[in-house]
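A short write-up of the structure that comes next.
The values are calculated or read from the model by the stated rules, or taken from the named source; none is laboratory data. Please read these numbers as outputs of a predicted model, since none were measured by experiment. With ideal geometry, Cβ positions are generated from the backbone for all residues, glycine too; neighbour counts draw on all protein chains shown. Remember, those area values only see protein heavy atoms, side chains included, never the ligands or the DNA or RNA. Shrake-Rupley method; radii C 1.70, N 1.55, O 1.52, S 1.80 Å.
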Amino acid sequence: MKVIASSIRKGNIIEQDGKLYVVLTAENIHPGKGTPVSQIEMRRIGDGVKISERYKTTDQVEKATVEDHNFNYLYEDGDGFHFMNAENYDQVQVSKEIVGSSAPYLQENMTVKLSLHDGNPVAIQLPQRATLEVVETEPVTKGQTASSSYKPAVLSNGVRTAVPPHVATGTRIVVMTEDGSYVERAKD
């Protein structure tokens, strides 16, 4: 299916020269003079090679036909990550390359969206937010109620992030899975 380059988003699958690529970042650049371009960084699915391409925003790009299904995360082992299709209980194994930087945010039974091309997983989309526990941070500073300075913290999945001063060790917080940034205190 042909689409214009400016409509490509992160996580889309593109077919180019008979190979499949997953889009890592897609940015539309409008210079003061000249033609607007789409800068697309993508990773080849077969061997994980990263490439960066520039298209005119009106160029046609071949978007691969991909089926999105919801899968539940089961476990990780030496071969990769294992997921189960909630509808038909099919299990599928996803390599570490595909999961990439979102690996630390996977939690047991978390529902993720896997994009399958000919039955092979090619991309993964996590829920936007995950709830994690702060396992290590500086002690709460008294009197610092609404200062804008965040302090470093380590989450239960080993990811480092910055949290507001009132968050203490042991607090459950909600973070964005894309970059680990703090959203709010968990409601539970």
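If you filter segment 64-77 down to residues that are part of a strand (DSSP E or B) and open to solvent by 90 Å² or more (accessible area, probe 1.4 Å), you find that the one that is nearest to Gly11 (Cα to Cα) is Glu67. Are any of the residues in segment 47-63 under 24 Å from Pro104 (Cβ atoms) and in contact with a strand residue (DSSP E or B) (Cβ under 6 Å, 6 or more places away or on another chain)? Within segment 47-63, one or more residues are under 24 Å from Pro104 (Cβ atoms) and in contact with a strand residue (DSSP E or B) (Cβ under 6 Å, 6 or more places away or on another chain). Residues of segment 21-35 that are open to solvent by less than 30 Å² (accessible area, probe 1.4 Å) and either of a type in the set (D, E, K, R) or in contact (Cβ under 8 Å) with a residue 60 or more places away in the chain (or both): Val22 alone. Listed by first and then second residue, the pairs with beta-carbon distance under 6 Å, at least 6 apart or on different chains, first residue in segment 165-188 and open to solvent by less than 40 Å² (accessible area, probe 1.4 Å), second of a type in the set (Val, Ile, Thr) and part of a loop (DSSP other than H, G, I, E, B), are Pro165/Thr141; Ala168/Val140; Gly180/Val159.
Remark: Lys33 matches the filter, which requires a residue to be assigned to a loop (DSSP other than H, G, I, E, B), at pLDDT 85 or above and not assigned by the TED database to the domain that holds Ser102. Only one of the numbered conditions (1) free of Cβ contacts under 8 Å to residues at least 24 places away in the same chain; (2) within 20 Å of the chain's Cα centre (by Cα); (3) open to solvent by 40 Å² or more (accessible area, probe 1.4 Å) is violated by Val154, and that is (3). Just so you know, in segment 36-63 the residues that are of a type outside the set (A, V, I, L, M) and part of a loop (DSSP other than H, G, I, E, B) include one that is surrounded by the fewest Cβ atoms within 10 Å (Cβ to Cβ), and it is Asp47.
For the condition over 30 Å from Asn12 (Cβ atoms) and of a type in the set (Gly, Ala, Ser), what is the one hit in Ser181, Ser95, Ser102, Ser149?
The conditions single out Ser149.
Per the conditions (1) part of a loop (DSSP other than H, G, I, E, B); (2) closer than 16 Å to His117 by Cα; (3) open to solvent by 50 Å² or more (accessible area, probe 1.4 Å), the sole criterion not satisfied by Gly11 is (3). Scanning segment 78-120 for residues that are open to solvent by less than 20 Å² (accessible area, probe 1.4 Å), closer than 21 Å to Arg44 by Cα and in a strand (DSSP E or B) yields Gly80, Phe81, Val94, Leu114, Ser115.
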